[in-house]
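Novice: Input: one structure, supplied below.
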């Protein structure tokens, strides 16, 4: 199967995946729940890890970000949860048309969600005071995935230079790896 066929198949499967319309729900019943999403992507409820992946995927499907807070939202209830860094972790990456101006990058999250890097799903990198990178990709609706160290190393190996800036190409855009900006090419 060619890169184009694989990419079209992935785009179709992403498009076919339906999520609850949490953006439309504005329940009056609000509160919080003792759930924490750790930096490593694990979900913790009342001190114990939620090990049932189907339950974590269900919770993730009703996750919404408002400002800098995260909520699990249903038509009747909105519960605030804590997120240490980002609610997802990018644990896999594929490259289509590698090295060309038509290069497209895709990521797979720890919850098996796929994202095609483009103008809606941008890569950004925050650097700590000591220079440690925290790279992210937007998965959906402002929700980001922290790019795992192994995937970050793989991503960095694809880096090129444009106008003195180090970054990567995807879907006709150049995403800087040295700061959090992106430029149209």
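Novice: What are the radius of gyration and Dmax of the range 51-106, computed over its Cα atoms and given in Å?
Specialist: 16.2, 49
Novice: On to the next question. Between residue 165 and residue 57, 0.36 nm times their residue separation minus their Cα-Cα distance comes to what?
Specialist: Computed gain between residue 165 and residue 57 is 35.2 nm.
Novice: Can you sort 18, 122 by how many other beta carbons sit within 10 Å, fewest first?
Specialist: Final ranking by Cβ density, sparse to dense: 18, 122.
Novice: If you build the convex hull over the alpha carbons only and average its shadow over all orientations, what do you get for the range 18-83? Give it in nm² to one decimal.
Specialist: 4.7 nm²
Novice: Would you kindly give the portion of the calculated P(r) for the range 88-184 that falls above 19 Å, as a percent of all Cα pairs?
Specialist: Result: 32 percent of Cα pairs exceed 19 Å.
Novice: Also, quick follow-up: What Rg and what Dmax come out for the chain when only alpha-carbon atoms are used, in angstroms?
Specialist: When restricted to the Cα atoms of the chain, Rg and Dmax are 17.3, 51 Å.
Novice: Can you work out the FRET efficiency for the pair residue 36 and residue 98, with r the C-beta to C-beta distance and R0 = 45 Å, to the nearest 0.05?
Specialist: E(calc), rounded to 0.05, equals 0.75.
Novice: Using the count of nearby Cβ atoms within 10 Å as a rough guide to exposure, how do 171, 163 rank from fewest to most?
Specialist: Placing the least packed residue first, the sequence is 163, 171.
Any read-out appearing in this document is the output of simple, stated calculations on the displayed coordinates, not a laboratory observation. Since this is a predicted model, take the numbers as computed values, not measurements. Note: ideal-geometry Cβ built from the backbone for every residue, glycine included; neighbour counts use all protein chains shown.
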